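A.B. asks: What follows is a single structure, and I will ask about it in a moment.
The values are calculated or read from the model by the stated rules, or taken from the named source; none is laboratory data. As the structure is a prediction and not an experimental result, all values here were calculated from the model. As a convention, Cβ positions derive from the backbone with ideal geometry for all residues, glycine included, and neighbour counts pool all protein chains shown. These area figures cover heavy atoms from the full protein model, side chains too; ligands, DNA and RNA do not enter into them. Shrake-Rupley method; radii C 1.70, N 1.55, O 1.52, S 1.80 Å.
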Amino acid sequence: MSDNGDSKGMRRGLTNYGDAGFSLYLRKAFIKGAGYTDEALQRPVIGIVNTGSAYNPCHGNAPQLIEAVKRGVLMAGALPMDFPTISIHESFSQPTSLYLRNLMSMDTEEMIRAQPMDAVVLIGGCDKTVPAQLMGAASANVPAIQLVTGSMLTGSYKSERVGACTDCRRYWGKFRADEISEEEVAQVNDQLVASVGTCSVMGTASTMACLTEALGMMVPGGASAPAVTADRIRIAERTGSLAVQLARSRLTPDKILTARAFENALRVLMAIGGSTNGLIHLTAIAGRLGFTIDLKQVDQMGRDTPVLVDLKPSGHHYMEDFHRAGGMPVLLRELRPLLHLDVLTATGRTLGEELDAAPAPFLQDVIRKAAAPIYPQGGIAVLQGNLAPGGAIIKQSAADPVLMEHEGRAVVFESAQDMAERIDDPDLDVEASDILVLKRIGPKGAPGMPEAGYMPIPRKLARAGVKDMVRISDGRMSGTAAGTIVLHVTPESAIGGPLAYVRSGDRIRLSVARRELSLLVDDQELARRAAQAPMAAPTADRGYLRLFLQSVLQADQGVDFDFLRSTDSKGPVPGGNLGL
Ligand code: FES
């Protein structure tokens, strides 16, 4: 089911009273209660998804953006109708935001379907909101365009520029290592988030903004403007006008979100040193269109895609610098030889045409030339081996080069709770050369695959100056974090993946050069351990948790629900020749 046939505006998707004429009559009577005229109600309708919430400061500019989108819609001759959906903020989502992403995508999809709209503007920003909206819009397949809230400004602490949340983690690490006092860590807390808007580094929110522009689902240049700038408001106005154009041309998401568009987005994910979460979300969005993501091909793509954007945590700058440097059009131009330029974008023009029309480049030091990358290969490498038969990933651009080739003794934590209780124990048997292993933080395990893969360095080692260790889990890591951290081990431990049967003292070998993640324990011994103490998958009696545990898929399928993926299989992405 895509849209509502040929009906338009207020005539779309009538409530079923068994008499279409009466349904429309009743609908108009009710909406006139809000003061609308027949002239207004004859126009095309543009829905605007309002995810403003007091719990979501990343969307704190939603009221101004909605006002500007409405202006753009009215200027282009249509009727704007804003409506609320679930909003998700990273720090206000228990147990974790990914647990709620699919619920938000269902809310978005069903409200787009249920209410009359000829196109929809999706206003999101914080990490899980943009993927949830794109997943929902892709499934509803009504013309749609994404508007992100934009990044927060950076703050300053003792003349040092700071921003969420790479610097949140850095200062917390200093505090744990006794390098700064409790008073100082409290003082910097006031400066880490200097305005409303999304995290100011290349975390998941910034990553998803860039990927959305690369997919063609956004106004060109719309990814990078900070939340509190005039540029952001202008982008909102343009988004409103473009939504009307989309409604008239009936350019639905399935015509934009093609295999080649996803290949472009994967290239960009590598080139921006993007969040590892970006891979999960792209996989989930692609799954709504019937595509699977081929991790081996993604790794191959990464080998010939340099990291060009010098933003934290892989580099030095912040999103507002990326915007001043020209943002995504500058990056896409630099990547031009690696991209499919014939893909259609929301403007109705191809990516190539948009890049031809983009402003001329100028001297800047945030977006590198392909010949002078900040990292020679893509940010994310895909690992395989007996510890992760379904794959695992590492953000190599943010890892310690020395530790990326490492064999060590496993120090195992059975759950996040177990880690919290023991990691700072002075008697914990752990050395800097050990490999920390954390179980049961996968999609079903925690549940919701929390960003606990960024395990803290045990306090006694942190105090001795240890800054990084190899860490392995079936969980995720915030896009704002850095370290030699292996994530998304698939299948997860909670459903009996090999990770479930690792014991402290086992040897593990990580070789990013060979893309290897091996548990140096033979198969018979692993089978014996599994038979001795089989892992019981978590269950729940009722509610959303029950639905989640029954339906959630593994990381290699985007942690989507099985019943939400498209049943129309269109094959793997990237394809065989990677478009080169
Ligand atoms: Fe919302 Fe980082 S917490 S983008």
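A.B. asks: Keeping to the stretch 203-220, report how many residues are in contact with a His (Cβ under 9 Å, 6 or more places away or on another chain) and within 12 Å of the ligand (Cβ to nearest atom).
C.D. replies: 3
A.B. asks: Test of understanding: among PRO443, PRO389, which residue is at pLDDT 95 or above and in contact with a Pro (Cβ under 9 Å, 6 or more places away or on another chain)?
C.D. replies: Answer to the selection: PRO389.
A.B. asks: Just wondering, is there one or more residues in the stretch 84-92 that are surrounded by fewer than 16 Cβ atoms within 10 Å (Cβ to Cβ), in contact with a strand residue (DSSP E or B) (Cβ under 6 Å, 6 or more places away or on another chain) and modelled with pLDDT of 95 or more?
C.D. replies: yes
A.B. asks: What pairs come up if the first residue lies in the stretch 1-12 and is more than 23 Å from GLU39 (Cα to Cα) and modelled with pLDDT under 90, the second is open to solvent by less than 100 Å² (accessible area, probe 1.4 Å) and not hydroxyl-bearing (Ser, Thr, Tyr), and their beta carbons are under 6 Å apart, counting only those six or more places apart or on different chains?
C.D. replies: Partner pairs satisfying both residue conditions: SER2/ASN141; ASP3/VAL142.
A.B. asks: Take PRO226 and tell me if it is assigned to a loop (DSSP other than H, G, I, E, B), of a type outside the set (Ser, Thr, Tyr) and open to solvent by less than 50 Å² (accessible area, probe 1.4 Å). Can you show your working first?
C.D. replies: On the way: assigned to a loop (DSSP other than H, G, I, E, B): yes; of a type outside the set (Ser, Thr, Tyr): yes; open to solvent by less than 50 Å² (accessible area, probe 1.4 Å): yes.
So PRO226 fits the description; yes.
A.B. asks: Look at PRO373 and say whether it is closer than 30 Å to ARG507 by Cα and out of contact with any helix residue (DSSP H, G or I) (no Cβ under 6 Å at 6 or more places or on another chain).
C.D. replies: Judged against the criteria, PRO373 is not a match.
A.B. asks: What is the number of the single condition among (1) in contact with a strand residue (DSSP E or B) (Cβ under 7 Å, 6 or more places away or on another chain); (2) charged (D, E, K, R); (3) more than 16 Å from the ligand (Cβ to nearest atom); (4) in a loop (DSSP other than H, G, I, E, B) that GLU431 does not meet?
C.D. replies: So the condition that GLU431 fails would be (1).
A.B. asks: Among the residues of the stretch 289-305, which ones are in contact with a Gly (Cβ under 6 Å, 6 or more places away or on another chain) and open to solvent by 30 Å² or more (accessible area, probe 1.4 Å)?
C.D. replies: LEU295
A.B. asks: Looking at the stretch 476-513, which of the residues that are more than 15 Å from ARG440 (Cα to Cα) and within 16 Å of the ligand (Cβ to nearest atom) is farthest from the chain's Cα centre (by Cα)?
C.D. replies: Filtering first and then ranking leaves ALA482.
A.B. asks: Looking at (1) open to solvent by 30 Å² or more (accessible area, probe 1.4 Å); (2) modelled with pLDDT of 95 or more; (3) of a type in the set (Asp, Glu), which is the only condition GLU160 fails?
C.D. replies: Unmet for GLU160, out of (1) open to solvent by 30 Å² or more (accessible area, probe 1.4 Å); (2) modelled with pLDDT of 95 or more; (3) of a type in the set (Asp, Glu): (2).
A.B. asks: A further question follows. Which count do you get for residues in the stretch 37-66 that are without any contact (Cβ under 8 Å) to a residue 24 or more places away in the chain and touching a helix residue (DSSP H, G or I) at 6+ places or on another chain (Cβ under 9 Å)?
C.D. replies: Adding up the residues that qualify gives 1.
A.B. asks: Among the residues that make up the stretch 140-149, is at least one of them buried (at least 22 other Cβ atoms within 10 Å of the Cβ), within 13 Å of the ligand (Cβ to nearest atom), touching a residue at least 60 places away in the same chain (Cβ under 8 Å) and of a type in the set (Val, Ile, Thr)?
C.D. replies: Looking only at the stretch 140-149, we keep the residues that are buried (at least 22 other Cβ atoms within 10 Å of the Cβ), and these are 140, 142-149.
Now restrict to residues that are within 13 Å of the ligand (Cβ to nearest atom): 148-149.
Now narrow it down to the ones that are touching a residue at least 60 places away in the same chain (Cβ under 8 Å): 148-149.
Narrowing further to those that are of a type in the set (Val, Ile, Thr): 148-149.
Scanning the stretch 140-149 turns up at least one residue that is buried (at least 22 other Cβ atoms within 10 Å of the Cβ), within 13 Å of the ligand (Cβ to nearest atom), touching a residue at least 60 places away in the same chain (Cβ under 8 Å) and of a type in the set (Val, Ile, Thr).
A.B. asks: Within the stretch 444-502, can you find the residues that are charged (D, E, K, R), open to solvent by less than 10 Å² (accessible area, probe 1.4 Å) and in a loop (DSSP other than H, G, I, E, B)?
C.D. replies: ASP474, ARG476, GLU492, listed by residue number.
A.B. asks: Do we find a residue being within 13 Å of the ligand (Cβ to nearest atom) and within 21 Å of the chain's Cα centre (by Cα) anywhere in the stretch 228-245?
C.D. replies: So far as the stretch 228-245 goes, no, none of its residues is within 13 Å of the ligand (Cβ to nearest atom) and within 21 Å of the chain's Cα centre (by Cα).
A.B. asks: Among the residues of the stretch 524-580 satisfying the criterion of being open to solvent by 20 Å² or more (accessible area, probe 1.4 Å) and β-branched (Val, Ile, Thr), which is farthest from the chain's Cα centre (by Cα)?
C.D. replies: THR539
A.B. asks: May I pose another question? May I ask you to list pairs of residues, at least six apart or on different chains, whose Cβ atoms are under 8 Å apart, with the first in the stretch 77-95 being of a type in the set (Phe, Trp, Tyr) and the second being within 16 Å of the ligand (Cβ to nearest atom)?
C.D. replies: These pairs meet every condition: PHE92/TYR55; PHE92/ASN56.
A.B. asks: A further question on this structure: How many residues does the stretch 368-389 contain that are open to solvent by 10 Å² or more (accessible area, probe 1.4 Å) and either closer than 30 Å to HIS488 by Cβ or in contact with a Lys or Arg (Cβ under 6 Å, 6 or more places away or on another chain) (or both)? Lay out the reasoning, then the answer.
C.D. replies: Taking the stretch 368-389 first, the residues open to solvent by 10 Å² or more (accessible area, probe 1.4 Å) are 368-377, 384-386, 389.
From what's left, either closer than 30 Å to HIS488 by Cβ or in contact with a Lys or Arg (Cβ under 6 Å, 6 or more places away or on another chain) (or both): 368, 370, 373-377, 384-386, 389.
Counting residues in the stretch 368-389 that are open to solvent by 10 Å² or more (accessible area, probe 1.4 Å) and either closer than 30 Å to HIS488 by Cβ or in contact with a Lys or Arg (Cβ under 6 Å, 6 or more places away or on another chain) (or both) gives 11.
A.B. asks: Let me ask something additional. Please enumerate the residues belonging to the stretch 56-83 that are hydrophobic (A, V, I, L, M, F, W, C) and away from the ligand (no atom under 16 Å from the Cβ).
C.D. replies: Answer for the stretch 56-83, where residues must be hydrophobic (A, V, I, L, M, F, W, C) and away from the ligand (no atom under 16 Å from the Cβ): ILE66, ALA68, VAL69, VAL73, LEU74, MET75, ALA76, ALA78, LEU79, MET81, PHE83.
A.B. asks: Cβ contacts < 7 Å: first residue over 16 Å from ALA494 (Cβ atoms), restricted to the stretch 539-557; second residue part of a helix (DSSP H, G or I), any location; separation 6+ or different chain. Result?
C.D. replies: TYR544/LEU103
A.B. asks: Something else now. Kindly list the number of the only condition in (1) open to solvent by 20 Å² or more (accessible area, probe 1.4 Å); (2) away from the ligand (no atom under 16 Å from the Cβ) that fails for ASN102.
C.D. replies: If we test ASN102 against (1) open to solvent by 20 Å² or more (accessible area, probe 1.4 Å); (2) away from the ligand (no atom under 16 Å from the Cβ), just (1) comes out false.
A.B. asks: Looking at LEU351, LEU308, which is the one that is more than 16 Å from the chain's Cα centre (by Cα), open to solvent by less than 40 Å² (accessible area, probe 1.4 Å), modelled with pLDDT of 95 or more and under 28 Å from GLY240 (Cβ atoms)? Write out each step before concluding.
C.D. replies: Values: LEU308 fails: under 28 Å from GLY240 (Cβ atoms).
One residue alone meets the criteria, LEU351.
A.B. asks: Follow-up question, since we're still on this one. Take the stretch 53-71 and flag every residue that is hydrophobic (A, V, I, L, M, F, W, C) and in a helix (DSSP H, G or I). I'd like the intermediate steps shown before the answer.
C.D. replies: Of all residues in the stretch 53-71, those hydrophobic (A, V, I, L, M, F, W, C) come to 54, 58, 62, 65-66, 68-69.
Correct list: CYS58, ALA62, LEU65, ILE66, ALA68, VAL69.
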